[in-house]
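Any read-out appearing in this document is the output of simple, stated calculations on the displayed coordinates, not a laboratory observation. These figures come from a predicted structure and were not determined experimentally. Don't worry about glycine lacking a Cβ; one is built from the backbone with ideal geometry, like all the others, and counts go over all protein chains shown.
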Amino acid sequence: MLLAIGFVLFGLLDALHGDLAAQIFDRLDDIYEVEPGLTPEQMVYLRAHMGLDRPWHAQYFRWVARALQGDFGVEMEGGTPVGAIIRQRLFNTVLLHSISFAVIALAALALGVYFSARAGSRMELALTSFALFLYSIPPLAVIFGLQLFAFRTWLFPVAGIPVRSMAPNVFAFVVMYAHHIFLLVLANFAFGFGVALRMVKMFMRDQLGQPYILALRSRGVPERKILFKHAFRNALNPFISWSAVQIIGFFSGAIMIETIFAFPGIGRLMWEHLFRQDGNVLMALLMAVAAAVLVVMLVADILTAALDPRIRYGKG
């Protein structure tokens with residue numbers, strides 16, 4: 001699957017770039033402030049040396065062979081290895097959105113399970129209204145509102161994250177890091193909590209209306225045991241499937257939130273190099289995101305089968 005995705009992405013990027021060798025030379029001229037001096041024969045040699053004279057599908061398989069060895073090429077401006085550029089940015093993005101997802105999932109599961117057995121109460125209606133309010137706000141309005149709040153109050157940093165050298169010990173760095181990413185996590189929470197809560201409540205109410213719940217209640221099984229041991233466990237599988245989609249959504253929204261908050265993640269890196277038309281960086285970034293999506297879907301399938309013994313893959 002990853003090989004097929006890369007094949008399509010490489011073809012699209014190749015169509016967008018045009019004459020890559022000429023672009024590289026023009027940028028070198030701009031960086032070193034020299035006059036263009038390559039003859040047509042030298043341009044032919046440069047294309048042959050870089051493998052750009054081959055069909056794009058042959059270039060793709062050449063790129064795959066080098067990528068399997070950890071060589072994703074170099075950045076067009078500066079010549080920095082692409083792997084070194086992406087490695088830290090990818091870690092920042094994964095850490096940020098892992099924390100965001102953990103906060104959303106824990107809050108949605110705890111509140112959704114608790115209030116699913118108290119449908120119609122004032123607290124349940126208030127929570128549902130709040131979740132609907134968060135879901136209805138445009139993402140850009142949330143981000144700019146948080147930016148304005150940080151700028152007006154100076155309670156939280158407006159952009160960036162701290163470096164390890166800024167803190168005397170690990171605990172101080174963790175506190176400083178949490179302080180810097182608080183608004184980003186809050187923005188992700190506003191995007192995902194409303195839908196997550198509604199999903200949990202919907203799955204739980206569906207389970208609580210099943211005949212086996214009525215049978216358990218008729219036998220005198222305590223309500224808490226029915227709620228958490230039986231209904232919650234059966235509602236967990238569809239929530240895991242939905243969670244995979246939610247995590248994938250974080251990657252698609254990373255460009256917007258990381259660019260506005262100047263967060264050094266892959267979203268902002270992709271935005272920067274999209275305007276530069278840097279094919280090496282864009283290809284590596286898109287493949288990294290595609291690989292992350294496939295891993296998330298695979299883990300979701302494995303967890304679903306592990307939690308429900310009735311599910312078996314590969315059997316008719």
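Points worth noting:
- Of the residues V74, V281, the one with the fewest other Cβ atoms within 10 Å heads the list, and the complete ranking is V74, V281.
- Sorted peptide list for 184-194, 80-90, criterion being average Cβ within 10 angstrom, highest first: 184-194, 80-90
- On the basis of the beta-carbon distance and an R0 of 51 Å, H57 and A159 show a calculated FRET efficiency of 0.80.
- The order of T128, T153, going from fewest to most other C-beta atoms within 10 Å of their C-beta, is T153, T128.
- Of the trypsin sites (Lys or Arg not before Pro) in segment 263-310, those whose Cβ has at most 13 other Cβ within 10 Å and which sit in DSSP loop: R310
- Burial ordering of K201, K225, fewest other beta-carbon atoms within 10 Å first: K225, K201
- Amide H contacts of V74 (H built 1.01 Å from N, under 5 Å, at least 5 apart or other chain): V82
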